[in-house]
1. In the stretch B:57-105, what count of residues is obtained for those that are open to solvent by 40 Å² or more (accessible area, probe 1.4 Å) and part of a strand (DSSP E or B)?
2. Quick check on my filter: what residues within the stretch B:217-234 are open to solvent by less than 10 Å² (accessible area, probe 1.4 Å) and either within 10 Å of chain A (Cβ to nearest Cβ) or modelled with pLDDT under 95 (or both)?
3. Only one of these conditions is not met by B:THR343: (1) within 14 Å of chain A (Cβ to nearest Cβ); (2) of a type in the set (S, T, N, Q); (3) closer than 20 Å to B:GLY380 by Cβ. Which number is it?
4. Quickly run through the stretch A:355-400 and pick out the residues that are away from every other protein chain (no Cβ under 14 Å) and charged (D, E, K, R).
5. Counting only residues that are within 14 Å of chain B (Cβ to nearest Cβ) and in a loop (DSSP other than H, G, I, E, B), which one in the stretch A:249-273 is most open to solvent (accessible area, probe 1.4 Å)?
6. I want to confirm something. Restricting to the stretch B:150-195 and keeping residues that are among the acidic types (Asp, Glu) and crowded, with 24+ Cβ neighbours inside 10 Å, which single residue is nearest to the other protein chains (Cβ to nearest Cβ)?
7. Kindly indicate whether A:ASN207 is modelled with pLDDT of 95 or more and either in contact with a Lys or Arg (Cβ under 7 Å, 6 or more places away or on another chain) or on the phi > 0 side of the Ramachandran plot (or both).
2 protein chains.
Amino acid sequence: MTPWQSITADEMRVLEAAFWAPNSSRHDLASPMGFSPSKGKALIAGLIDQGLLEEAGPQPSQGGRPAETLRLHHGLGLLLGVDIGVTSLTVAVLRPDLTLLAEHSEAIDVRRQGPGVVLARAAALMRELLARCKGKPAQVLGIGVGVPGPVNFEAGQLVSPPLMPDWDQFSIRDFLRDEYRAPVFVDNDVNLMALGELWRLKRGLPNFIVIKVGTGIGCGIVCHGSVYRGATGSAGDVGHICVDTEGERCHCGNRGCVEAMAAAPAIVRQATAAAEAGESPALAAVLAERGALDAEAVAAASRAGDAAANRIIQRAGHLIGQMLASVVNFFNPSHVFLGGGVTLIGPLFLAAVRQSVYQRSLALSTRHLEVQYAPLAGQGGVVGAGALALCETLRARGVAP
Amino acid sequence: MTPWQSITADEMRVLEAAFWAPNSSRHDLASPMGFSPSKGKALIAGLIDQGLLEEAGPQPSQGGRPAETLRLHHGLGLLLGVDIGVTSLTVAVLRPDLTLLAEHSEAIDVRRQGPGVVLARAAALMRELLARCKGKPAQVLGIGVGVPGPVNFEAGQLVSPPLMPDWDQFSIRDFLRDEYRAPVFVDNDVNLMALGELWRLKRGLPNFIVIKVGTGIGCGIVCHGSVYRGATGSAGDVGHICVDTEGERCHCGNRGCVEAMAAAPAIVRQATAAAEAGESPALAAVLAERGALDAEAVAAASRAGDAAANRIIQRAGHLIGQMLASVVNFFNPSHVFLGGGVTLIGPLFLAAVRQSVYQRSLALSTRHLEVQYAPLAGQGGVVGAGALALCETLRARGVAP
């Protein structure tokens, strides 16, 4: 049994605060909660005695005796973060303060590989990475898993995921239960990117969105300072927002969905057509050499100044910006963070997204709006998965007074 | 000085709970807050002693001695709610439990009348209605005002309202300060409709939206159980979401904004064109008789079976449904409530909205989605204004422990 099986609700609030505001002093931690100084002091002393908080060196001096910095105790255990994308798998071992101890990323394809195959590989990587940092399964506090589709958060299952039907209702939790006693929490991959950024920002921005553009297009929403999942868990499903009523047919049955017109498969399709039509010598050469194109090939052609590649990238950016303009008008976020493989396709993409958003959104919504790359970039998913694991584990273990 | 100048934060929480859950027993009020039974009992007894809460008769018996129902004390004072639409002004006097004591509605036009004229009329109506229910200005606890444009909530001012430039930065608060000592709170009209519905629902639905379709199109958002205003107060500005990239030019400079294509002026314009083109004898007759058409004339023609009127109404409903489909995909609300003059244009409108939403949104988002008329209908604005006045007054008067 770990020591914190019996923490009180007040103690849990202090631990949560230490997680969200790393490197805080005793005063910083306790005072925003409205505790009296003596109660705050006693709570923190108790948590240190229980081995849940620890001192981590003095704060930068401001004249007098420098205050001690507090953090979640490293001895609490380890977190496992798993980020399953449509075409990539990332696994990480993290400390309770989300320091990354070990991380590994590799290509997969959930459209062809079922949950048994992908999760078995994730479990193998978890074992390997744990061993690499000399951790044991019994030390694992909590496991967070991100998946590229709509999730029933309570059940920890995907629900009718359009790109990966084999995963529908599959219990990721049961699959991992045999190996770890730690609780498993599952969420949509973009929700976890949003949670990761929220942690990085120390909850300093209450209202922002994260857009991931890869094989699909999804959106994580932070509203009133916490991740918003919607009435049935499908909030942020922006891939099927219509950007052209006469546009291409999507697998969902409608026309002109932004995902069908501007995600990676559409970019590759347009690049292949340009190569075959003789519009791009650069893309034609890659196609002839490798037999197929991918988004990276389009990025390389664009970097080399290929006009067709540039046109395709700008078109995708404009369409995504048009979708985002609707979202910005409705939601009025302070920031739009862009992540996912396609957003790395080159600076023209970001420029086109920005141009469309600023042109099509109302002035009042864009006056202070920032549209930029997600600062955690490719690590956002596993950092968010670690944050989910820690927050939900704390919540599950906190005992009402 | 009113008695509650010195209430504590805990007392304020009990009063807020009594507001949001009218007709609660002592137990219902205190237990969700985690107070011990004796502390809850003492708090409530203190609030009754101070004249802030009162008993309002026994609850329906469940076998034993029936519990007493509690409510905010009627003697606390009165609330004034003002709902300024583009073409209508509604003023109401309400009790602290939002019972409507007096209400009056009349036509205005904020596009032609400046804030001085409209607010002077609102102030005259406030005086008249207060007198009608034997109230005095000194009894007014708080004043809530809804306006049809983006609001800086802290300042209580409209910010660059597209339809009413004269109101930009005008201090509604200062205008009313001479006559009332009570605080004045200003919000967007659709945010107040959303707040009104949230109160009617006793906060039972945490995530829903209210759409108002009249001269413009706006949206109120409830997220995580409270009204969401966005990073700069313009959340819900859905009127300029694009539904047709080749559509009509909007006054905002873009093409195909849903407001330019489906709000009341567009409906009237299309009806006039149909009348002039000989496509609708019914509309042509009204046009000849009155010299101009309005949405009510289109509604009447539709009720009489006029094909052109039906086609115009269905087109507007489809376009609004298309915009809502984007919003539903992004936000995944449990309910979409429709209000505003245009939504009363006939059952074909609601049917067309629903058809578009269900066709264009993802199945997971619509599986449990309800699209229906706003239950508070035309009273939503003043009820929401009363709710705003009460909640913000409580918040401003609550004293930290």
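1. 9
2. B:CYS219, B:ILE221, B:CYS223, B:TYR228, B:SER234
3. Every listed condition holds for B:THR343 apart from (1).
4. Residues of the stretch A:355-400 away from every other protein chain (no Cβ under 14 Å): A:372-397.
Hits for the stretch A:355-400 are A:GLU392, A:ARG395, A:ARG397.
5. Selected residue: A:HIS251.
6. The initial filter retains those residues of the stretch B:150-195 that are among the acidic types (Asp, Glu), namely B:154, B:166, B:168, B:174, B:178-179, B:187, B:189.
Narrowing the set further to residues that are crowded, with 24+ Cβ neighbours inside 10 Å leaves B:187, B:189.
Numbers: B:ASP187: 14, B:ASP189: 16 Å.
Among those that are among the acidic types (Asp, Glu) and crowded, with 24+ Cβ neighbours inside 10 Å, it is B:ASP187.
7. On the way: modelled with pLDDT of 95 or more: yes; either in contact with a Lys or Arg (Cβ under 7 Å, 6 or more places away or on another chain) or on the phi > 0 side of the Ramachandran plot (or both): no.
Judged against the criteria, A:ASN207 is not a match.
Residue-wise test of (1) open to solvent by 20 Å² or more (accessible area, probe 1.4 Å); (2) not in a helix (DSSP H, G or I).
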| site | (1), (2) |
| --- | --- |
| B:VAL110 | no, yes |
| B:VAL117 | yes, no |
| B:LEU130 | no, no |
| B:ALA138 | yes, no |
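The values are calculated or read from the model by the stated rules, or taken from the named source; none is laboratory data. No experiment lies behind these values; they were computed from the predicted model shown. We place every Cβ from the backbone using ideal geometry, glycine too, and count neighbours over all the protein chains shown. For accessibility, only protein heavy atoms count, side chains too; no ligands or nucleic acids. Shrake-Rupley method; radii C 1.70, N 1.55, O 1.52, S 1.80 Å.
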